[in-house]
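The values are calculated or read from the model by the stated rules, or taken from the named source; none is laboratory data. This structure is a prediction, so every number in the text was calculated from the model and none was measured. Here the Cβ positions follow ideal geometry from the backbone for every residue, glycine too, while neighbour counts run over all protein chains shown.
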Amino acid sequence: MEREHLHRVFWDAHVGKEQRREKNLFKRVHTDLVWLEIAPFVEPGLRVLDAGGGYGRYSVALAREGCQVVHLDLSPRMLEEARKIARREGVEQRMTFVLGKVQDLSAFADQAFDLVISLDAPVSYAYPSEKQALRELCRVTRGTLIVSVVNRLGQLPVALEVEARWRKDFALSRKFLEEGNWDHPPFFQAMEEKIPLLSRLLFPPLHAFLPMELVNEVESSGFRVQRVVATGTLSRLVSPRTLRRIVRNPKLYEEFLKLSHWYDAHFEVLGVGSRVASGLLVVARREGEHHAGVV
Ligand SMILES: C[S@@+](CC[C@H](N)C(=O)[O-])C[C@H]1O[C@@H](n2cnc3c(N)ncnc32)[C@H](O)[C@@H]1O
């Protein structure tokens, strides 16, 4: 089955699952940490692109803040759900929904958006066109770009677990560590031909980045990276019981988010990141642009 089709089948089948993920404590903290990255740049009237916006986790909230949001996604079912939520929240008139791919933003002019976000790894899922996806995101950004991808070093344990279960060697994991590509191995491909619904369950092919690989790609398109963050590292390292205790206490939680904001961007932890969501994020600004929220 073609890679692009695999992705559509997978994400169409995952609308409900994506929404339920927010009940996962680690994912909830991840979402709150990503908001800390976006918040300084939000202003009413801003033209925003959310590329790979899913069911609207961030795009609907940005429209609620008064931004004009183009919400693009590869999955018709994700778009349908996002539109439904936008209508329910009374912000549909500030949003436009576009079926499309992050690696082909030819429908939009150069620098068409003040703020572009692409979060929780659409760029990684654009594999094998992940670099094209980054170039396209940069091209349509006038001001600030916030993009998060799968963190290769943080994802390695997951690859090892999959391989230890299905195979008896680590050849795929070693290749994943070296090149960052998680493709469906030949035996999965043969199974997919026979079992059409299997691709709903298998994690789709992706490219996982090393921190400097992502930074260099974005900077080669005329951007200056302001922050590199392995989002969710501190929350991954404390015990689930401790994290639950922290999240239940609003004062402690606020302090924890601030600590994470600093810790997760620390050079020594950049190759880890969340286990349950994209673990590598950059905030980048077009060189020479001056905007609200600049640090
Ligand atoms: C994990 S969800 C993240 C959704 C949203 N950005 C968020 O953070 O809540 C990944 C989304 O990327 C979309 N996606 C995957 N590959 C894509 C591509 N090549 N172009 C556009 N969207 C894509 C999927 O349909 C899905 O909605």
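Across segment 18-28, the qualifying residues are those that are assigned to a helix (DSSP H, G or I), at pLDDT 85 or above and farther than 19 Å from Val149 by Cβ, and the one among them that is farthest from the ligand (Cβ to nearest atom) is Leu25. Among (1) at pLDDT below 95; (2) outside any helix (DSSP H, G or I), there is one condition Ala164 misses while meeting the rest; what is its number? Condition not satisfied by Ala164: (2). Every listed requirement among (1) more than 12 Å from the ligand (Cβ to nearest atom); (2) of a type outside the set (Asp, Glu); (3) part of a helix (DSSP H, G or I); (4) surrounded by fewer than 22 Cβ atoms within 10 Å (Cβ to Cβ) is met by Ile38 save one, (1).
When we screen Glu89, Glu80 for residues that are of a type in the set (D, E, K, R) and within 13 Å of the ligand (Cβ to nearest atom), the only hit is Glu80. Each residue in segment 65-93 was checked for being in a strand (DSSP E or B) and surrounded by 21 or more Cβ atoms within 10 Å (Cβ to Cβ), and 5 pass.
Considering segment 100-134, and only residues there that are near the ligand (Cβ under 9 Å from one of its atoms) and in a strand (DSSP E or B), the residue that is nearest to the chain's Cα centre (by Cα) turns out to be Ser118. Determine if segment 48-62 includes at least one residue that is more than 14 Å from the ligand (Cβ to nearest atom) and surrounded by fewer than 23 Cβ atoms within 10 Å (Cβ to Cβ). For segment 48-62, residues more than 14 Å from the ligand (Cβ to nearest atom) and surrounded by fewer than 23 Cβ atoms within 10 Å (Cβ to Cβ): absent.
Can you spot a residue in segment 174-186 that is more than 28 Å from Ala13 (Cβ to Cβ), outside any helix (DSSP H, G or I) and more than 14 Å from the ligand (Cβ to nearest atom)? The answer is no, given that none of the residues of segment 174-186 is more than 28 Å from Ala13 (Cβ to Cβ), outside any helix (DSSP H, G or I) and more than 14 Å from the ligand (Cβ to nearest atom).
So if I check each of Ala112, Ala86, Ala61, which one is in contact with a helix residue (DSSP H, G or I) (Cβ under 6 Å, 6 or more places away or on another chain), more than 23 Å from Ala126 (Cα to Cα) and small (Gly, Ala, Ser)?
Ala86
Among the numbered conditions (1) in contact with a Lys or Arg (Cβ under 6 Å, 6 or more places away or on another chain); (2) of a type outside the set (A, V, I, L, M, F, W, C); (3) modelled with pLDDT of 90 or more, the only one that Thr31 does not meet is (1).
Go through segment 12-27 residue by residue and tally those that are in contact with a Lys or Arg (Cβ under 9 Å, 6 or more places away or on another chain) and among the basic types (Lys, Arg). Before you say what the answer is, go through the steps one by one.
Step one: filter segment 12-27 for residues in contact with a Lys or Arg (Cβ under 9 Å, 6 or more places away or on another chain), giving 12-15, 18-19, 21-22, 25-27.
Within this subset, residues satisfying the condition of being among the basic types (Lys, Arg) are 21, 27.
The qualifying residues number 2.
Quick one: in segment 94-135, of everything that is acidic (Asp, Glu) and free of Cβ contacts under 8 Å to residues at least 60 places away in the same chain, which residue is surrounded by the most Cβ atoms within 10 Å (Cβ to Cβ)? Residue satisfying both the conditions and the ranking: Asp104.
Of Leu137, Leu156, which residue is within 13 Å of the ligand (Cβ to nearest atom), of a type outside the set (Ser, Thr, Tyr) and in a helix (DSSP H, G or I)?
Exactly one residue qualifies, and that residue is Leu137.
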